[in-house]
1. Please work out if A:Ser50 is over 30 Å from A:Ile112 (Cα atoms), hydroxyl-bearing (Ser, Thr, Tyr) and not in a helix (DSSP H, G or I).
2. In the list A:Leu17, A:Leu21, which residue meets the criterion of being in a helix (DSSP H, G or I), open to solvent by less than 30 Å² (accessible area, probe 1.4 Å), under 15 Å from B:Phe132 (Cα atoms) and in contact (Cβ under 8 Å) with a residue 60 or more places away in the chain?
3. Please list, ordered by first then second residue, the pairs with beta carbon atoms under 7 Å, 6 or more apart or interchain, first in the stretch A:109-134 and within 20 Å of B:Thr125 (Cα to Cα) and small (Gly, Ala, Ser), second assigned to a helix (DSSP H, G or I) and open to solvent by 30 Å² or more (accessible area, probe 1.4 Å).
4. Please go through the stretch A:106-143 and give me each residue that is among the hydrophobic types (A, V, I, L, M, F, W, C) and at the interface with chain B (Cβ under 10 Å from one of its Cβ atoms), ordered by number.
5. Only one of A:Ile35, A:Ile10, A:Ile61 is within 14 Å of chain B (Cβ to nearest Cβ) and among the hydrophobic types (A, V, I, L, M, F, W, C); which?
6. Please find, within the stretch A:1-14, the residue that is modelled with the lowest pLDDT out of those that are on the phi < 0 side of the Ramachandran plot and buried (at least 20 other Cβ atoms within 10 Å of the Cβ).
7. Does B:Gly97 satisfy the condition of being at positive phi, more than 14 Å from every other protein chain (Cβ to nearest Cβ) and surrounded by fewer than 19 Cβ atoms within 10 Å (Cβ to Cβ)?
Number of protein chains: 2
Amino acid sequence: MKKNNDEYIIIVGCGRLGSHLASLLSKTRRSVVVIDKEQHAFHRLSDDFSGFTIEADAIEIDTLLEAKINKADVLVATTNDDNTNIMVAQIAKTIYGVPKVVARLFEPSRKIVYEELDVETISPTVLSSIAFKNIIVGSEMED
Amino acid sequence: MKKNNDEYIIIVGCGRLGSHLASLLSKTRRSVVVIDKEQHAFHRLSDDFSGFTIEADAIEIDTLLEAKINKADVLVATTNDDNTNIMVAQIAKTIYGVPKVVARLFEPSRKIVYEELDVETISPTVLSSIAFKNIIVGSEMED
């Protein structure tokens, strides 16, 4: 069985979220590769990021092959476009059988598409709204 | 002492986060007013939002007076611009003495500015990165 630290993780999108996550995961000594269309996006990576970067469009199969998607244990789709995230998640899950695929979700109504693909989602909007609400009204019980 | 449900909350910014939070808080039967520069932003509010909306620039004092900032118990700055959020939070805290001010934080390096103002912050990027990391690597202990 694979040791956790041998896991290979592909992150699609190197915006604020993708770059922050890449740094967090890199610190756990996993192998991380980050894909973004824009070279300048990689400047967001912290100095101690120890993974690789690929400047290319992740919805092209050649890009995913360059990223060795067939060996990936995890793919995370973090771009700011739901359509891109859904497409990449779908390719990863159905064509390459990546065991764990997680995607950033903008429009909550899209969640059902991911559920059908067995892809977990995280909505920064929903997470943050709940955190704000907890600060503002506390954990009171409502009728 | 004021009952919780009599609290008056001003939300600055009606983007995805502001509108979602407005709906959550509105459900707790608090009085909520949402300010945004763009009329079309208010379309994001859910049908059951029972608060008020003001179409104006929140960094203008007249706008905040129209929103009755002097009576507000809570102000939340949720725009996608750190400078706007800092300015509004500062006005709310130092000029009008709003008891609780919370702001959305983009650049973690700005956090110190808020701490000096006694303003709580939430970073959607940090929150979401941690949530993604927990899904991906679980809650393992690192050396």
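1. Working: over 30 Å from A:Ile112 (Cα atoms): yes; hydroxyl-bearing (Ser, Thr, Tyr): yes; not in a helix (DSSP H, G or I): yes.
For A:Ser50, the condition - over 30 Å from A:Ile112 (Cα atoms), hydroxyl-bearing (Ser, Thr, Tyr) and not in a helix (DSSP H, G or I) - is met.
2. Details: A:Leu21 fails: in contact (Cβ under 8 Å) with a residue 60 or more places away in the chain.
Only one candidate qualifies: A:Leu17.
3. Here the result reads A:Ser123/A:Pro108; A:Ser128/B:Leu127; A:Ser129/B:His20; A:Ser129/B:Leu24; A:Ala131/B:Leu127, each pair linking the stretch A:109-134 to a residue that is assigned to a helix (DSSP H, G or I) and open to solvent by 30 Å² or more (accessible area, probe 1.4 Å).
4. Within the stretch A:106-143, the subset among the hydrophobic types (A, V, I, L, M, F, W, C) is A:106, A:112-113, A:117, A:119, A:122, A:126-127, A:130-132, A:135-137, A:141.
If the condition is that a residue be among the hydrophobic types (A, V, I, L, M, F, W, C) and at the interface with chain B (Cβ under 10 Å from one of its Cβ atoms), then A:Phe106, A:Ile122, A:Val126, A:Leu127, A:Ile130, A:Ala131, A:Phe132, A:Ile135, A:Ile136, A:Val137 are the ones that fit.
5. Numbers: A:Ile35 fails: within 14 Å of chain B (Cβ to nearest Cβ); A:Ile61 fails: within 14 Å of chain B (Cβ to nearest Cβ).
On inspection, the qualifying residue turns out to be A:Ile10.
6. That would be A:Glu7.
7. On the way: at positive phi: yes; more than 14 Å from every other protein chain (Cβ to nearest Cβ): yes; surrounded by fewer than 19 Cβ atoms within 10 Å (Cβ to Cβ): yes.
In short, yes.
Table: residues versus (1) in contact with a Gly (Cβ under 8 Å, 6 or more places away or on another chain); (2) open to solvent by 70 Å² or more (accessible area, probe 1.4 Å); (3) not charged (D, E, K, R).
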{"site": "B:Glu66", "(1), (2), (3)": "no, yes, no"}
{"site": "B:Asn70", "(1), (2), (3)": "no, yes, yes"}
{"site": "B:Asp82", "(1), (2), (3)": "no, no, no"}
{"site": "B:Ile91", "(1), (2), (3)": "no, no, yes"}
{"site": "B:Leu105", "(1), (2), (3)": "no, no, yes"}
{"site": "B:Ile112", "(1), (2), (3)": "no, yes, yes"}
{"site": "B:Ile122", "(1), (2), (3)": "no, no, yes"}
{"site": "B:Leu127", "(1), (2), (3)": "no, no, yes"}
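The values are calculated or read from the model by the stated rules, or taken from the named source; none is laboratory data. Predicted, not measured: the structure shown is a model, and the values here were computed from it. Backbone-built Cβ (ideal geometry, glycine too); neighbour counts: all protein chains shown. Each accessible area value is taken on the protein alone, full model and side chains, heavy atoms only, with ligands, DNA and RNA left out. Shrake-Rupley method; radii C 1.70, N 1.55, O 1.52, S 1.80 Å.
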